[in-house]
1. How long is the gain from A:R78 to A:N225 if the chain were fully straight, where each residue apart is worth 0.36 nm and the alpha carbon distance is subtracted?
2. Counting DSSP beta bridges with both partners in chain B, what percentage is antiparallel, nearest 5?
3. Could you tell me the calculated FRET efficiency between A:F194 and B:D35, based on Cβ-Cβ distance and R0 = 41 angstrom, to the nearest 0.05?
4. Shielding by partners for B:77-89, please: the mean number of other protein chain Cβ atoms within 10 Å of each residue's Cβ.
5. With every protein chain kept in the model, how would you rank B:S7, B:S97, A:S253 by accessible area, 1.4 Å probe, largest at the top?
6. Dipole size in debye (nearest 20) for the stretch B:2-103 around its Cα centre, Lys and Arg Cβ +1, Asp and Glu Cβ -1?
7. Report the residues of the stretch A:195-222 in range of a label on B:F48: point 7 Å along Cα→C-beta, backbone N strictly under 17 Å from it.
8. Stokes-Einstein at 25 °C, 0.890 mPa s, Kirkwood radius from Cα pairs: D for chain B in µm² s⁻¹?
Amino acid sequence: MIISIASGKGGTGKTTVAANLAASLDQPVTVLDCDVEEPNLHLFLHPEILTRENVIAPVPRIDLEKCTLCKRCMEICRFNAIAVAGKTVVTFPELCHSCGGCTAICPENAVTEVERILGTVETGSVGLPDMTFAQGLLDVGQVMVPPVIRKVKTHRADPGAITLIDAPPGTSCPVIAAMKDTDFVLLVTEPTPFGLNDLKLAVETVRLLGIPHGLVINRAGMGDNGVHTYAKEENLPILMEIPFDRKIATAYSKGELIISSQPAYKEKFQTLFQDICHLADQQRCAQ
Amino acid sequence: MKIAITSTGRDLSAEVDPRFGRAAYILVVDTDTLDFDVIDNAENKNSFKGAGIQAGAAVSDKGATVLLTGFCGPNAFKTLDAAQIKVVNDVSGTVLSAVNRFKQGEYEFSAAPNTEGHW
């Protein structure tokens, strides 16, 4: 069972939900922070990092002695990462998506692949029994996010066990990379016009991927009724509402879990998990 | 010599297009005869990324050795530099007036890109 926690809008409470849900479960869980541009789950779970490895992408290097300036590499590249310029060839590693097309098409074998480091993936243990942790971190100046996310996801638990994925915000390639091949997407939103606007985009994305999903409304009580109305119209199950509560905000600001200061929430998060399992089965069967 | 000028239109009376990679057209003008070739940059104008790189390669293919434009980003500059094409940034007015000012030696070549890359 893999649950991804996504949102559309940033700052709605994905990480809060991921951390508290993980810490509430009475069974082994693997938690993956896939928001590799700004991972922050570690601030709440305080893992001890035990392993660290680079995420590497192959990029082309042109041997100008073999190159005949035929431009086939330039023409096959959808991302304009290679240009034949006068009597030379320029490459732009930061634009390269590492598809290998240029290497394969070169009739002179003038293209070889060299390694470029995109970021790192760290794994560690959390001071809670049965919880394992991994996170990705994109290097400064890099923009190729999905390969880092895919590498983090290789640390998922075995299919029988539970994996929680803290996804990045938005609806573009990084989020798709995080949500893809998960069994359920938990969409965390806030009851504001901004939250609603981006929730709609996120729902469209999840529907396109055909993944069972449900809502958590965070900071319930602020804003307006727009999210509730939308959820009703679209038949989106609201699985949990976390109130707009100063005590929760205070705990968050100290890097503490809600369930530490308000243990009653542990049961609520356990119920959330059971509802997710139920819905995942139900929605999958309905498809 | 042949020089390339980014242009909003297909002839010498058009205004210089301030953008390089996403210019509407690029005119490649022979400074002696004022004969010119038109590069229609429409496809490139809407490319997701790397417009300046493609435009740089196209200008090089046409045999230009100088580019007059408004703004040139880092990837475009790198491509033009590799193709040994000199760049003049911050050019405005009509294409013809830019060609004349170039011929009179009023421009200085740029040593670096003058705008950020687009992500």
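1. Going from the current span to full extension adds 48.5 nm.
2. Restricted to chain B, the bridges split so that about 65 percent are antiparallel.
3. Result of the calculation: an efficiency of 0.15.
4. 3
5. Ranked from most to least accessible, the order is A:S253, B:S97, B:S7.
6. Computed charge dipole of the stretch B:2-103: roughly 340 debye.
7. Taking a point 7 Å out along Cα→Cβ of B:F48, no residue of the stretch A:195-222 has its backbone N under 17 Å.
8. The Stokes-Einstein estimate is 181 µm²/s.
The values are calculated or read from the model by the stated rules, or taken from the named source; none is laboratory data. Only a predicted model underlies this, so the values are computations on that prediction, with no experimental measurement involved. Please note: Cβ atoms are built from the backbone with ideal geometry, for glycine as well, and neighbour counts cover all protein chains shown. With ligands, DNA and RNA removed, areas are computed over all heavy atoms of the protein, side chains included. Shrake-Rupley method; radii C 1.70, N 1.55, O 1.52, S 1.80 Å.
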